[in-house]
1. Among the residues of the range 276-289, what is the count of those that are within 15 Å of the ligand (Cβ to nearest atom), open to solvent by less than 30 Å² (accessible area, probe 1.4 Å) and either modelled with pLDDT under 95 or in a strand (DSSP E or B) (or both)?
2. Of R223, R273, which residue is within 16 Å of the ligand (Cβ to nearest atom) and either open to solvent by 60 Å² or more (accessible area, probe 1.4 Å) or among the hydroxyl-bearing types (S, T, Y) (or both)?
3. Which numbered condition trips up K239, out of (1) open to solvent by 60 Å² or more (accessible area, probe 1.4 Å); (2) under 25 Å from the mean Cα position of the chain (by Cα)?
4. Could you grab the pairs with beta carbons closer than 7 Å, sequence gap of 6+ or different chains, first residue in the range 107-120 and touching a residue at least 40 places away in the same chain (Cβ under 8 Å), second one of a type in the set (D, E)?
5. If E116 satisfies every condition in (1) in contact with a Lys or Arg (Cβ under 8 Å, 6 or more places away or on another chain); (2) exposed (fewer than 14 other Cβ atoms within 10 Å of the Cβ); (3) not hydrophobic (A, V, I, L, M, F, W, C) but one, which is the exception?
6. Select, from I256, I261, the only residue that is open to solvent by less than 20 Å² (accessible area, probe 1.4 Å), under 23 Å from P188 (Cβ atoms) and within 14 Å of the ligand (Cβ to nearest atom).
7. Of everything in the range 305-333, what is farther than 30 Å from D237 by Cβ and either within 16 Å of the ligand (Cβ to nearest atom) or part of a strand (DSSP E or B) (or both)? Give them in sequence order.
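The values are calculated or read from the model by the stated rules, or taken from the named source; none is laboratory data. If you're wondering where the values come from, they're calculated on a predicted model, not measured in any experiment. Cβ placement follows ideal geometry from the backbone for every residue including glycine, while neighbour counts extend to all protein chains displayed. All accessible areas refer to the heavy atoms of the entire protein, side chains included, with ligands and DNA or RNA removed. Shrake-Rupley method; radii C 1.70, N 1.55, O 1.52, S 1.80 Å.
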Amino acid sequence: MDIKELRIKAQEDIKSAQNLDELNKIFKKYLGKRGELTLILRSLKNLPDKQRKEQGRITNKIKQEIETELQNQKQRLQVSGSTGKFQESIDISAPGRKITIGHLHPLTLVRRQTEEIFQNMGFSVVEGPEIETEWYNFDALNIPKDHPARDAWDTLWLKNKLLLRTHTSPVQIRYMQKHHPPFRIIVPGRVFRHEATDASHDVQFYHLEGLMIGKDVSVANFRAIIGEFFQKFFNKDIKIRLRPGFFPFVEPGFEIDISCIVCQGKGCSVCKRTGWVETLGAGMVHPSVLKNSGIISNSMTGRWQGFAFGIGLDRLAMMKYKIDDIRLFYSSDLRFLKQF
Ligand code: DAH
């Protein structure tokens, strides 16, 4: 082939190379050991002197030009990212790989949402110790020793008459000892019970205590506040029902039912066909409890009074996310946790 034709062909080949692999092949085709141009160069020695000089000059010039073009094309391909194998291993049309990010535990979500709703109604979030004395957990809450009411709280006792708190109610006492009414607080926290576990009981779970004390805080205020809470929490119209209930630290005491969120009160297996689900205990703080905390109550002289309530955060989370086993919250099972 004529050297000039070869040059044109090489130029076209270089331009059409789509990646570095192809470019490499073109290099070999012309300039490799057995490349077309290499062979021509090698054959020069067989030519007569004069002709060899002339041909040699032309061929070497073309060789240089081809080398430069190869170099330029190589740079172009590298810049555009179309580099041989590299290009083949990346499918630029594929959707991006999903980055796994951490997320919050369902109980944390519920706790945060609950705190936010109450904070918007003027409540402060307060905490207390998980290890309690008998006095704060029981006596001060009007649950004397040897009183059958203590049986309601199966207790995990520690040394020196200390115990793992069975509810968050003792924080009421701790707070009232240190603060002057009026106030409204909520106390979220972990509580412990010495109980056999099943789908609705565990040895640890989360409670949220509420306490509002003022000059004329009444059951009507409680009803309004708890109604607003459920409305916001479930983002639905929720009916509330108060039934008489006994808790030593309140008088009168109530059990509060809400209309079943699964069947909207029509009756289903969750509400045992009653349309109602029991969700919390509450009542007007017992005068003895106020007294034990150093607060004087006397309805005749218009001193302090108020309500308290206790709600299970696990129970709330179970209702909200339709979870039928409390133990799942503490199982660390990622298949469960990843759903939130
Ligand atoms: N402490 C109670 C429990 O462990 C819950 C409770 C009921 C708290 C009535 C209250 C209340 O403040 O008024 O189940």
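1. Residues flagged as within 15 Å of the ligand (Cβ to nearest atom), open to solvent by less than 30 Å² (accessible area, probe 1.4 Å) and either modelled with pLDDT under 95 or in a strand (DSSP E or B) (or both) within the range 276-289 amount to 7.
2. On the way: R273 fails: within 16 Å of the ligand (Cβ to nearest atom).
Result of the check over R223, R273: R223.
3. Of everything listed in (1) open to solvent by 60 Å² or more (accessible area, probe 1.4 Å); (2) under 25 Å from the mean Cα position of the chain (by Cα), K239 misses just condition (2).
4. L107/D314
5. Condition not satisfied by E116: (1).
6. Details: I261 fails: within 14 Å of the ligand (Cβ to nearest atom).
Among I256, I261, only I256 is open to solvent by less than 20 Å² (accessible area, probe 1.4 Å), under 23 Å from P188 (Cβ atoms) and within 14 Å of the ligand (Cβ to nearest atom).
7. Here is the first cut: in the range 305-333, the residues farther than 30 Å from D237 by Cβ are 305, 327, 330-333.
Passing the criteria: only Q305.
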